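Beneath this line is the structure, given in structure tokens, with notes to follow.
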Amino acid sequence: MEQPDDLTDFVRHLPKAELHLHIEGSLEPEMVFAKAAKHGIRLPYASVAALRAAYNFHNLQSFLDIYYAGVDVLCDEDDFRDLTLAYLERAHANGVVHTELFFDPQSHTARGISFDTVMKGLLAGLREGEQKFGITSQLILCFLRHLDAADAMHTLQAALPWKQHIIAVGLDSSEAGHPPSKFAEVFAAARGEGFLTVAHAGEEGPPAYIVEALDLLKVVRIDHGVRAEEDPALCARLARERIPLTVCPLSNVKLAVFKQLADHNLGRLMHAGLCITLNSDDPAYFGGYIGDNYVATARALNLSRTDLIQLARNSIDASFMAENAKAKWLQQLDGMAT
Ligand code: HPA
Ligand code: ZN
């Protein structure tokens, strides 16, 4: 039997990229309270512990309701900078060398916070984090799929002056009833402006949403995608076309996509030849950062160290890093092979 600390240590030393992380989902309850106090915002919770105790979700929507309420305390550039830097500090402690952060501008602009405020704060945090921790990064703008396509198009327009700082656009929020096809036009416009595209699909929604994301939105990665397993032809396509899935096991259990971690299909998908990456999604809400996801999943699914190295390799491969940076990290991972 492997000693728990050995595994944690091994995981920490794997250079890895985090490709599915909502920066607003890294907002810890302590920061919610600190920012609420700073801005004179009254919270409907008596304490940090009471807020944390409310993190009891039964599906995606029950989480999103509390997640959107949380972001209300983020008001100025410093708030976005502090949030980003706090995440990067945790990521660094988890062996993350590169991260591609999702952000949800519509959850801020709807409250009167300007797109520019959000961008300036995020970029300040990312710059400082790179200096302090050496973590490289990219930003992915996510459209909220429960809002209409016109709102997304308007957000795309607001993003254009910041184009050189945003590598891709994505799609998140309530999946069921909001298929990728709803955003085909917006994504076409985004691609026309040079953005790469990704989308959450097949978390709660059916495999057909994954197919739509590929065919209509021309995504280069699928976020979650675990329900692909219900469609063998789709799985074969994802493997053949090397479309990475950014899988988030602790999130999937917290949101009842799988009953328990031992039931998760990550190992099966990986061994079926799909490019699977492992990520934390909204770590402040789901009980763990990326290292916790690796360790808990390895234990629940009996993954070998070779499997864990493969997951780290996949994260580098599937990232939007330059080829020479990828080669550097892959070479380091080669040296860790057991
Ligand atoms: N799914 C959909 N939308 C989200 C998520 C997620 O896991 N996290 C934050 N927004
Ligand atoms: Zn997500």
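The values are calculated or read from the model by the stated rules, or taken from the named source; none is laboratory data. Because the structure is a prediction, the values reported are computed rather than measured. Note that we place each Cβ from the backbone using ideal geometry, even for glycine, and neighbour counts take in every protein chain shown. Accessible surface is based on the protein model in full, side chains and every heavy atom, while ligands, DNA and RNA are left aside. Shrake-Rupley method; radii C 1.70, N 1.55, O 1.52, S 1.80 Å.
Consider residue 185 against the criteria (1) of a type in the set (Asp, Glu); (2) within 14 Å of ligand 2 (Cβ to nearest atom); (3) surrounded by fewer than 20 Cβ atoms within 10 Å (Cβ to Cβ): it satisfies all of them except one. Which criterion is unmet?
Just one mismatch for residue 185, condition (2).
Could you go through region 180-187 and let me know if any residue there is more than 27 Å from residue 139 (Cβ to Cβ) and either more than 16 Å from ligand 1 (Cβ to nearest atom) or in a helix (DSSP H, G or I) (or both). Steps first, please.
Residues of region 180-187 that are more than 27 Å from residue 139 (Cβ to Cβ), as a first pass: none.
No, that holds for no residue.
Assuming residue 229 fulfils every condition listed in (1) under 17 Å from residue 204 (Cα atoms); (2) surrounded by 22 or more Cβ atoms within 10 Å (Cβ to Cβ); (3) in contact with a Leu (Cβ under 7 Å, 6 or more places away or on another chain) apart from one, which condition is it?
For residue 229, the failing item is (2).
Among the residues of region 18-34, which ones are away from ligand 1 (no atom under 16 Å from the Cβ) and either within 23 Å of the chain's Cα centre (by Cα) or modelled with pLDDT under 95 (or both)?
Correct list: 29, 30, 31.
Sort through 256, 236 and tell me the only one that's within 16 Å of ligand 2 (Cβ to nearest atom), of a type outside the set (Ser, Thr, Tyr) and surrounded by fewer than 24 Cβ atoms within 10 Å (Cβ to Cβ).
Of 256, 236, the one residue that is within 16 Å of ligand 2 (Cβ to nearest atom), of a type outside the set (Ser, Thr, Tyr) and surrounded by fewer than 24 Cβ atoms within 10 Å (Cβ to Cβ) is 256.
Scan region 25-67 residue by residue and report those that are within 16 Å of ligand 2 (Cβ to nearest atom), in contact with an Asp or Glu (Cβ under 6 Å, 6 or more places away or on another chain) and not small (Gly, Ala, Ser).
Once the filter is applied, which keeps residues that are within 16 Å of ligand 2 (Cβ to nearest atom), in contact with an Asp or Glu (Cβ under 6 Å, 6 or more places away or on another chain) and not small (Gly, Ala, Ser), region 25-67 yields only 60.
On the given criteria, is residue 278 open to solvent by less than 10 Å² (accessible area, probe 1.4 Å) and more than 16 Å from ligand 1 (Cβ to nearest atom)?
On the way: open to solvent by less than 10 Å² (accessible area, probe 1.4 Å): yes; more than 16 Å from ligand 1 (Cβ to nearest atom): no.
Answer is no for this residue.
Go through region 239-253 and give me each residue that's away from ligand 2 (no atom under 15 Å from the Cβ) and either open to solvent by less than 50 Å² (accessible area, probe 1.4 Å) or under 15 Å from residue 279 (Cα atoms) (or both).
In the first step, residues of region 239-253 are kept if they are away from ligand 2 (no atom under 15 Å from the Cβ); the result is 239-243.
Within region 239-253, 239, 243 qualify.
Report those helices (runs of 4 or more DSSP H) wholly inside region 227-338 carrying at least 2 residues which are without any contact (Cβ under 8 Å) to a residue 60 or more places away in the chain, more than 30 Å from residue 49 (Cα to Cα) and over 16 Å from the mean Cα position of the chain (by Cα).
Working: elements: 232-240, 249-254, 266-271, 283-286, 290-301, 305-317, 323-334.
So the answer is 232-240, 266-271, 305-317, 323-334.
What are the pairs with Cβ atoms under 6 angstrom where one residue, in region 48-67, is hydrophobic (A, V, I, L, M, F, W, C) and the other, located anywhere, is within 13 Å of ligand 1 (Cβ to nearest atom) and open to solvent by less than 20 Å² (accessible area, probe 1.4 Å)? Sequence gap at least six, or different chains.
Note: pairs meeting the criteria are 57/63; 57/255; 60/255; 63/255.
Which pairs have Cβ atoms under 6 Å, sit 6 or more apart or on different chains, and link a residue in region 141-157 that is over 16 Å from residue 116 (Cα atoms) and in a strand (DSSP E or B) to one that is at pLDDT 95 or above and within 16 Å of ligand 2 (Cβ to nearest atom)?
143/171; 144/106; 144/173
Looking only at region 193-226, count how many residues are away from ligand 2 (no atom under 16 Å from the Cβ) and part of a strand (DSSP E or B).
Residues meeting the conditions: 1.
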